[in-house]
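S.K.: Once you've had a glance at the structure underneath, I'll fire off some questions.
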């Protein structure tokens with residue numbers, strides 16, 4: 001095992017589960033996994049903390065299991081979460097170059113810092129600042145404009161803000177659990193890092209992550225995030241529909257969904273039925289596979305239509321050449337890809353990890369660890385920015401446009417955010 005001094009620990013905070021991964025980068029710049037753990041989530045609803053004590057107990061259980069697997073003491077973790085409401089602001093800034101008519105790193109950093117210092121509404125906090133485009137002397141520039149000749153540089157940023165109370169409560173939870181809370185990242189960024197290839201981000205793609213409590217839609221084009229939505233419902237509402245439609249206990253409804261459910265009722269075998277055991281004097285009942293599937297299909301159609309309502313009304317659809325990548329626990333339903341294709345008119349595929357640690361295990365191929373795996377990649381890249389620079393293609397190549405975006409998401413929020421968090425969020 002590698003040195004435990006450079007071990008990074010990340011936690012994906014979900015409505016139904018907490019998933020943690022500990023890992024590091026070896027001398028070749030490859031990710032190695034020291035351990036993984038996953039426990040049911042308590043005290044979390046729709047991605048946000050509802051009960052600090054229950055959430056802290058879940059974190060303690062999660063990290064105790066991870067500690068046993070890694071043999072390392074865990075003192076600090078980075079987390080991802082997907083709570084509502086999330087708001088996206090657009091900021092345009094410009095400045096005259098300070099390097100003798102050549103764009104310098106100072107120019108780019110000061111524009112980024114300006115975007116992160118804009119006035120926002122009360123009780124909200126800036127979480128991410130994401131570069132969208134640069135223009136130098138009225139000419140479009142690369143996402144890394146440093147070194148381009150010109151007198152004036154203009155930049156467009158998306159500024160993502162979240163309720164400050166969300167961040168405060170997460171710090172309270174991890175303080176109570178006895179560990180330091182590091183960086184907080186929106187989970188749509190983390191899961192997209194894990195399941196979208198660079199080519200897909202370049203061509204234009206959607207990451208549709210259907211979790212238990214929330215559904216996340218993240219849209220990329222030319223290696224930049226151009227749209228993000230978090231809808232406050234997910235797989236749990238399907239379970240509730242089955243519970244009410246079949247008049248059964250929630251635990252049976254969830255089991256039916258997982259074991260026998262599918263997304264297209266027409267493909268279910270109407271001759272097959274499943275028997276729900278009786279309880280408290282009530283007789284057992286039979287539920288047909290077809291009835292179950294039509295209940296699931298009706299709710300999924302509503303969810304997909306609502307998620308894509310804004311998207312279909314905008315001009316974004318014409319910019320996408322790759323299609324939709326479906327992730328999250330609900331993505332395991334049979335025929336979900338076909339339903340998404342039918343409702344959206346776009347190509348689709350199921351998610352798989354595009355990040356391949358050297359000691360990859362089958363568990364990492366499951367959706368339960370995809371967000372944590374993407375977060376680990378972002379965390380390790382931030383911890384070792386030199387490795388990113390060293391492995392990055394030359395600036396003139398189109399692929400280099402991804403790296404500054406990554407800086408904008410994880411690094412580019414700059415020290416002013418972390419410094420402010422230390423004061424305001426304790």
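The values are calculated or read from the model by the stated rules, or taken from the named source; none is laboratory data. Everything numeric here is computed off the predicted structure, so don't read it as measured data. Cβ sites come from the backbone with ideal geometry, for glycine too, and all protein chains shown count toward neighbours.
S.K.: Is it true that some residue in the range 255-262 is out of contact with any strand residue (DSSP E or B) (no Cβ under 8 Å at 6 or more places or on another chain), under 28 Å from residue 163 (Cα atoms) and modelled with pLDDT under 95?
M.R.: Looking for residues that are out of contact with any strand residue (DSSP E or B) (no Cβ under 8 Å at 6 or more places or on another chain), under 28 Å from residue 163 (Cα atoms) and modelled with pLDDT under 95, one finds none in the range 255-262, hence no.
S.K.: Is it fair to say residue 138 is over 30 Å from residue 7 (Cα atoms) and not assigned by TED's automatic domain parsing to the domain that holds residue 38?
M.R.: Details: over 30 Å from residue 7 (Cα atoms): yes; not assigned by TED's automatic domain parsing to the domain that holds residue 38: yes.
Yes.
S.K.: Another one. Has the range 75-91 got at least one residue that is farther than 30 Å from residue 232 by Cβ, in the same structural domain as residue 47 (by TED's automatic domain parsing) and surrounded by fewer than 18 Cβ atoms within 10 Å (Cβ to Cβ)?
M.R.: In the first step, residues of the range 75-91 are kept if they are farther than 30 Å from residue 232 by Cβ; the result is 75.
Next, only the ones that are in the same structural domain as residue 47 (by TED's automatic domain parsing) stay: 75.
Within this subset, residues satisfying the condition of being surrounded by fewer than 18 Cβ atoms within 10 Å (Cβ to Cβ) are 75.
Checking the range 75-91: at least one residue is farther than 30 Å from residue 232 by Cβ, in the same structural domain as residue 47 (by TED's automatic domain parsing) and surrounded by fewer than 18 Cβ atoms within 10 Å (Cβ to Cβ).
Residues are listed down the side, and each one gets a yes or a no for (1) at negative phi; (2) under 24 Å from the mean Cα position of the chain (by Cα):
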| site | (1), (2) |
| --- | --- |
| 280 | no, no |
| 287 | yes, no |
| 295 | yes, no |
| 301 | yes, yes |
| 306 | yes, yes |
| 320 | yes, yes |
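S.K.: Here's something else I'd like to know. What number of residues in the range 295-313 are farther than 17 Å from residue 234 by Cα, surrounded by fewer than 17 Cβ atoms within 10 Å (Cβ to Cβ) and either touching a strand residue (DSSP E or B) at 6+ places or on another chain (Cβ under 9 Å) or at pLDDT 90 or above (or both)? So that I can check it myself, show each step before the final result.
M.R.: Restricting attention to the range 295-313, the residues satisfying the condition of being farther than 17 Å from residue 234 by Cα are 310-313.
Those still in the list that are surrounded by fewer than 17 Cβ atoms within 10 Å (Cβ to Cβ) too: 310, 312-313.
In the following step, the residues that additionally are either touching a strand residue (DSSP E or B) at 6+ places or on another chain (Cβ under 9 Å) or at pLDDT 90 or above (or both) were identified as 310.
Total satisfying the criteria: 1.
S.K.: Residue under question is residue 165, and the condition is that it be more than 21 Å from residue 10 (Cβ to Cβ) and in a strand (DSSP E or B); does it hold?
M.R.: When the stated conditions are applied, residue 165 does not pass them.
S.K.: Here is a further query. Checking the condition within 26 Å of the chain's Cα centre (by Cα) and at pLDDT 90 or above, which residue from 61, 68 passes? Before you say what the answer is, go through the steps one by one.
M.R.: Values: 68 fails: within 26 Å of the chain's Cα centre (by Cα).
So the residue among 61, 68 that is within 26 Å of the chain's Cα centre (by Cα) and at pLDDT 90 or above is 61.
S.K.: Given the condition assigned by TED's automatic domain parsing to the domain that holds residue 208 and assigned to a helix (DSSP H, G or I), answer yes or no: does some residue in the range 344-360 qualify?
M.R.: Yes, the range 344-360 contains a residue that is assigned by TED's automatic domain parsing to the domain that holds residue 208 and assigned to a helix (DSSP H, G or I).
S.K.: Continuing with the same structure: Within the range 118-160, which residues are under 16 Å from residue 94 (Cα atoms), touching a residue at least 40 places away in the same chain (Cβ under 8 Å) and out of contact with any helix residue (DSSP H, G or I) (no Cβ under 7 Å at 6 or more places or on another chain)?
M.R.: Result: 118, 132, 133, 148, 149, 150, 151, 152, 154, 156, 158.
S.K.: Could you grab me the full set of residues in the range 314-336 that are surrounded by 20 or more Cβ atoms within 10 Å (Cβ to Cβ), assigned to a helix (DSSP H, G or I) and modelled with pLDDT under 95?
M.R.: Answer for the range 314-336, where residues must be surrounded by 20 or more Cβ atoms within 10 Å (Cβ to Cβ), assigned to a helix (DSSP H, G or I) and modelled with pLDDT under 95: 329, 330, 331.
S.K.: Hey, another quick one. Based on what the data block shows, is residue 126 surrounded by 14 or more Cβ atoms within 10 Å (Cβ to Cβ), assigned by TED's automatic domain parsing to the domain that holds residue 39 and assigned to a strand (DSSP E or B)? Break it down stepwise before answering.
M.R.: Numbers: surrounded by 14 or more Cβ atoms within 10 Å (Cβ to Cβ): yes; assigned by TED's automatic domain parsing to the domain that holds residue 39: no; assigned to a strand (DSSP E or B): yes.
For residue 126, the condition - surrounded by 14 or more Cβ atoms within 10 Å (Cβ to Cβ), assigned by TED's automatic domain parsing to the domain that holds residue 39 and assigned to a strand (DSSP E or B) - is not met.
S.K.: Residue 53: at pLDDT 90 or above, touching a helix residue (DSSP H, G or I) at 6+ places or on another chain (Cβ under 9 Å) and surrounded by fewer than 16 Cβ atoms within 10 Å (Cβ to Cβ), yes or no? Give the steps one after another, and end with the answer.
M.R.: Numbers: at pLDDT 90 or above: yes; touching a helix residue (DSSP H, G or I) at 6+ places or on another chain (Cβ under 9 Å): yes; surrounded by fewer than 16 Cβ atoms within 10 Å (Cβ to Cβ): yes.
Considered against the rule, which asks whether it is at pLDDT 90 or above, touching a helix residue (DSSP H, G or I) at 6+ places or on another chain (Cβ under 9 Å) and surrounded by fewer than 16 Cβ atoms within 10 Å (Cβ to Cβ), residue 53 comes out as yes.
S.K.: Could you look through the range 87-114, keep only residues that are in contact with a helix residue (DSSP H, G or I) (Cβ under 9 Å, 6 or more places away or on another chain) and not in a strand (DSSP E or B), and pick out the one that is farthest from residue 167 (Cα to Cα)?
M.R.: Here the residue is 99.
S.K.: Within the range 170-242, considering only strands (runs of 3 or more DSSP E) that don't extend past its boundaries, which have at least 1 residues that are crowded, with 22+ Cβ neighbours inside 10 Å, touching a residue at least 12 places away in the same chain (Cβ under 8 Å) and in the same structural domain as residue 55 (by TED's automatic domain parsing)?
M.R.: Working: elements: 180-186, 205-210, 215-221, 224-231.
Hits in the range 170-242: 180-186.
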